[in-house]
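Take a look at the structure set out below.
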Amino acid sequence: MRNDKKDKNVDPSANQNRINEGTTITGDIESKGFFRIDGKIKGNVTTPNKVVIGKNGLIDGTLTCDNADIEGTFTGKLQIKELLSLRTTAVINGEVKVGKLSIEPGATFNGTCEMGSGVKSLNSNGKKERTA
């Protein structure tokens with residue numbers, strides 16, 4: 001007999017998904033859980049949680065998540081709601097939209113970056129306007 005009460009109480013965001021080294025996935029992935037990627041993904045990854053790309057991990061596509069910690073390689077479009085941390089071994093090529101960005105010395109960043117709220121474009125008298 002199956003215990004359905006236990007299954008209903010499981011928080012899917014507490015689950016960890018892991019793509020191990022030596023694994024290549026082609027296609028889109030959606031999950032509510034945390035991701036650790038040490039393999040290769042050619043496609044889009046979407047989760048409302050944190051994604052960690054390990055030293056040997058690679059994503060070629062779009063990554064949409066709340067937080068990301070990258071040690072490996074990313075090519076494509078990053079859409080990070082809160083904090084993107086690029087470690088020393090990170091290599092980023094593409095378009096980045098983040099709330100906050102942290103880059104360690106040694107990381108490679110080639111592309112464009114748009115950060116969340118903060119300083120607006122210059123006004124007519126050359127001074128920056130701040131938003132609250």
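Bear in mind these aren't lab numbers, they're just calculated from the coordinates by the rules spelled out. Not measured: the values here are computed from a predicted model. Every residue, glycine among them, receives a Cβ derived from its backbone with ideal geometry; neighbour counts consider all protein chains shown.
General remarks:
- Screening the candidates Glu95, Glu71 for the property of being of a type in the set (D, E, K, R) and surrounded by 20 or more Cβ atoms within 10 Å (Cβ to Cβ) yields one hit, Glu71.
- Note on the stretch 80-109: among residues that are touching a strand residue (DSSP E or B) at 6+ places or on another chain (Cβ under 6 Å) and of a type in the set (Asp, Glu), the one that is farthest from Gly57 (Cα to Cα) is Glu82.
- Where a residue in the stretch 100-113 is over 17 Å from Thr89 (Cβ atoms) and its partner, wherever it lies, is not in a strand (DSSP E or B), with Cβ under 9 Å and at least six apart: Lys100/Gly116
- Strands (runs of 3 or more DSSP E) wholly inside the stretch 35-79 containing at least 2 residues that are closer than 19 Å to Leu101 by Cα and of a type in the set (Ser, Thr, Tyr): 58-65
- Pairing residues of the stretch 49-60 that are farther than 14 Å from Ser85 by Cα with residues that are charged (D, E, K, R) and in a strand (DSSP E or B), at Cβ distances under 7 Å and at least 6 apart in sequence or on separate chains, gives Leu58/Lys40; Asp60/Lys42.
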